[in-house]
Amino acid sequence: MFGITRLVNFGAFDLYRLAFKEFSFLDTYYAEKLNSDEQKISQSIVLVNVQHQSRAQLANLIELVQQQKPKVIGVDVIFDHEKEPITDEKLWEALQPENVISAFAIQNRQFVKNDPKLGVFRHKLGYANFNFDSYNAVIRTFQAKKIFDGFEFSSFPHRVAQHFLGRQRKIEWKNISDKSIPINYSGGRQYFLTFDADEILESKSLPVLANKIVLLGYLGTPTGNVYDIEDKHFTPLNQEFVGKSAPDTFGLVIHANIIEMLVEQKRLIQVPVWVLLLVGFVLTFVAISYFIKLNKRRIERYMLVRKLTQLCFTIFFVILALWLLSNNIYFKITELIWYTVLSIECIWAYKILSNYMKNKFGWESYFFQD
């Protein structure tokens, strides 16, 4: 009996902790994907690390990139105050071409954007926020558009992707403006061809940039420095998917993944909420019915069977969710596992309620039949 009790209480059967790690288990899909031999290089997007270049250098950098005739230049840098007038004027000129998209941020219902003397037209601006969920530390979703004070604003990656596709291939996803969309990550920084700003400033010609999306932003000093966490975020790309200790991916790389998803039409199909609710209701009803019966007739093995069933149920749905994700179907199983497993744990509450109803109102139940 003691051995059975130890088995039931063993950490492997801590189903609640396992259920709330659901997203981490889905993250293993991306970790495995990164380590596979099928990892390729993006054919549409090139990254440029601006490091801590001066405004004069950045102006020259944008001009040199422009000379290579890219289709779009995305500048994920915010110049929120004035500096030297001559330098600022040169930078302003570099930001004006129609194919240059600039970033701004929304913080505490305020816009953080370029100084008016460095400003650009609104249709060339996109907010750099990925989403507006302050409770989610890991970037798994993004919001392509946002209504703010009655006006609609586009995100930086949405604006860049739409300019690259042009008017003939307008991005029209249902409800794209009013909900968070799961990000289908293609890879980390290694997935994208990357240059340091100095490499471009010292080069006369880089034909590889022609007709590409070129994104300028911060990628560490030096490039890819794992200890540099400036503008770094937690993402599913972290190979240490359990016990993350530091942000793993630069914001520019996340933008690049979103743009890749939009341009290549790699959007994940979300299982509708009503389907999740229906499946959860059916599973909960079946589970409760079975364990109520087992609790009354086979009480000696009830605890062990209950824990084993909960464990197998959780593992099955995690594997199912991973398989669906590999086929571009996003099956959010957190709530499904949570309320199904919890409902089994709460059969004791049903027994207490049944006993109370019987004593108070004479209500007959399965547990207390004469």
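Among the residues that make up region 238-255, is at least one of them at pLDDT 90 or above, assigned to a loop (DSSP other than H, G, I, E, B) and crowded, with 20+ Cβ neighbours inside 10 Å? Within region 238-255, not a single residue is at pLDDT 90 or above, assigned to a loop (DSSP other than H, G, I, E, B) and crowded, with 20+ Cβ neighbours inside 10 Å. Close Cβ contacts (under 8 Å, 6 or more residues apart or on different chains) running from residues in region 332-348 that are of a type in the set (D, E, K, R) to residues that are surrounded by fewer than 22 Cβ atoms within 10 Å (Cβ to Cβ) comprise LYS332/GLN270; LYS332/VAL271; LYS332/LEU276; GLU335/LEU276; GLU335/GLY280. Within the set LEU215, LEU209, LEU219, LEU193, the sole residue that is in contact with a Gly (Cβ under 7 Å, 6 or more places away or on another chain) and modelled with pLDDT of 90 or more turns out to be LEU215. Evaluated against (1) modelled with pLDDT of 85 or more; (2) of a type in the set (A, V, I, L, M, F, W, C); (3) surrounded by fewer than 16 Cβ atoms within 10 Å (Cβ to Cβ), PHE234 falls short on exactly one condition, (3). Identification of strands (runs of 3 or more DSSP E) wholly contained in region 92-151 with 3 or more residues that are crowded, with 16+ Cβ neighbours inside 10 Å and β-branched (Val, Ile, Thr) yields 100-107. Just to check your reading of the model, which residue among LEU34, LEU18, LEU7 is in the same structural domain as LEU320 (by TED's automatic domain parsing), under 21 Å from the mean Cα position of the chain (by Cα) and modelled with pLDDT under 70? The match here is LEU18. VAL226 meets all of the listed conditions (1) under 26 Å from HIS158 (Cβ atoms); (2) out of contact with any Pro (no Cβ under 7 Å at 6 or more places or on another chain) but one, namely (1).
The values are calculated or read from the model by the stated rules, or taken from the named source; none is laboratory data. Here the structure is a predicted model, which means the values were calculated and not measured. Using ideal geometry, Cβ is built from the backbone for each residue, glycine included, and neighbour counts are taken over all protein chains shown.
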